[in-house]
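What follows is a short report on a single structure.
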Amino acid sequence: MELVTSVADFSAALDAHRAAGRSVGLVPTMGALHDGHASLIRRAGADCDVVAVTIFVNPLQFGPAEDFDAYPRTLDADLAVAGAAGASIVCAPSVAEMYPAPVLTTVHVAGLTDTLEGASRPSHFDGVATVVAKLFSMAGRCRAYFGEKDYQQLAVVRRMSADLSMPVEVIGCPTVREPDGLALSSRNAYLSADERAAAPTLHAALRAGAAAVEAGETDPAAVRAAMGAVVATEPRLRLDYAEAVDAATLAVPARLAGEVRLLIAARLGATRLIDNLGVTVPTSPTHGATEPRKAGHACAGA
């Protein structure tokens, strides 16, 4: 596995692989790699000849009061995870290498970034879209793999890539979870033992919302209330939002239909956790269902 820290070296290496007829899979990360990231690398390796992983903690997507300085930076451990999962090349540039001058150009995806995480973190998705556009430009023609855990981010990246005709196929991969349902996240490392014990309540809330949909509930407010009621059983959690939205547009419809995505965010101590779950509204509602039929899983990212 090759390690590069230069944007130019990374681009040249991938250009050389493509010139030799090899396909490229790109896995953008902010490091602190866990098995969720490893699953993305393995998926890229199954689909592509060359797997390129980027490790870059992007300052543009952190707000003034957020955890940029405290975000875990574990390059040696990350290289071990990436290599074991099958990465061919890792690019780990510095902030100065990525942004050698003040950034005057930003990418904004309207509509998809106004609600949910966008409402809670107003500049976050502009920072995400800008760095991902830069990474796509660096990597060139490829397939890019993102986890569904950051579902709104995945939707933003897909729309940006399509709107700007980027030569990148964006592929979403299922969330990897702990046995108790907690979605893998680099921020889980911030949780104390007591907080870690409370964290799976978010997944339980999503499953309650999915069960309501499977039982025939099509009122988004009622599904939201079902999720909120589960969160309310855990006093250590402070709910930010719980929503049932159209899976494609992220809009809250008057009535749920087709593919729905349930999204939730809450604070647990000083840590903010997000999760989501896909569910299909039954065409012939059957009441009393207890096990949701999932449209997809929710994937690991930052």
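For residue 77, the criteria (1) in contact with a helix residue (DSSP H, G or I) (Cβ under 7 Å, 6 or more places away or on another chain); (2) surrounded by fewer than 20 Cβ atoms within 10 Å (Cβ to Cβ); (3) over 19 Å from residue 128 (Cβ atoms) hold in every case but one, which is (1).
Matching residues to (1) free of Cβ contacts under 8 Å to residues at least 40 places away in the same chain; (2) not in a helix (DSSP H, G or I):
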residue: 131; (1), (2): no, no
residue: 135; (1), (2): no, no
residue: 150; (1), (2): no, no
residue: 157; (1), (2): yes, no
residue: 162; (1), (2): yes, no
residue: 165; (1), (2): yes, yes
residue: 169; (1), (2): yes, yes
residue: 175; (1), (2): no, yes
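Can you confirm whether residue 144 is outside any loop (DSSP other than H, G, I, E, B), among the small types (Gly, Ala, Ser) and in the same structural domain as residue 259 (by TED's automatic domain parsing)? So residue 144 does not fit the description; no. Residue-level analysis places residue 209 outside the set of residues that are of a type outside the set (Ser, Thr, Tyr) and either out of contact with any helix residue (DSSP H, G or I) (no Cβ under 7 Å at 6 or more places or on another chain) or at pLDDT below 95 (or both).
Out of all the residues in region 183-196, is one or more modelled with pLDDT of 95 or more, exposed (fewer than 14 other Cβ atoms within 10 Å of the Cβ), within 30 Å of residue 38 (Cβ to Cβ) and not charged (D, E, K, R)? Yes.
The condition of being among the aromatic types (Phe, Trp, Tyr), assigned by TED's automatic domain parsing to the domain that holds residue 157 and closer than 23 Å to residue 164 by Cα does not hold for residue 68. Checked against the criterion of being under 19 Å from residue 150 (Cβ atoms) and either in contact (Cβ under 8 Å) with a residue 60 or more places away in the chain or in contact with a Gly (Cβ under 8 Å, 6 or more places away or on another chain) (or both), the candidates 32, 52 yield just one match: 32.
Of the residues making up region 140-171, those that are closer than 22 Å to residue 50 by Cα, among the small types (Gly, Ala, Ser) and crowded, with 19+ Cβ neighbours inside 10 Å number 3. Counting only residues that are part of a loop (DSSP other than H, G, I, E, B) and over 14 Å from the mean Cα position of the chain (by Cα), which one in region 33-56 is nearest to residue 71 (Cα to Cα)? Taking the candidates together, the pick is 56.
Beta carbons closer than 9 Å, at least 6 apart along the sequence or on distinct chains, never pair a first residue in region 3-24 that is part of a loop (DSSP other than H, G, I, E, B) with a second that is at pLDDT below 95. With outside any loop (DSSP other than H, G, I, E, B) and either touching a His at 6+ places or on another chain (Cβ under 9 Å) or more than 26 Å from residue 25 (Cβ to Cβ) (or both) as the only criterion, which of 69, 78, 114 stands out? Being outside any loop (DSSP other than H, G, I, E, B) and either touching a His at 6+ places or on another chain (Cβ under 9 Å) or more than 26 Å from residue 25 (Cβ to Cβ) (or both) holds for just one of 69, 78, 114, which is 78.
Within region 9-29, the set of residues being of a type outside the set (S, T, N, Q), crowded, with 20+ Cβ neighbours inside 10 Å and within 29 Å of residue 70 (Cα to Cα) comprises 10, 26, 27, 28.
The values are calculated or read from the model by the stated rules, or taken from the named source; none is laboratory data. From a predicted model like this one, the values you see are computed outputs, not experimental measurements. Note that we place each Cβ from the backbone using ideal geometry, even for glycine, and neighbour counts take in every protein chain shown.
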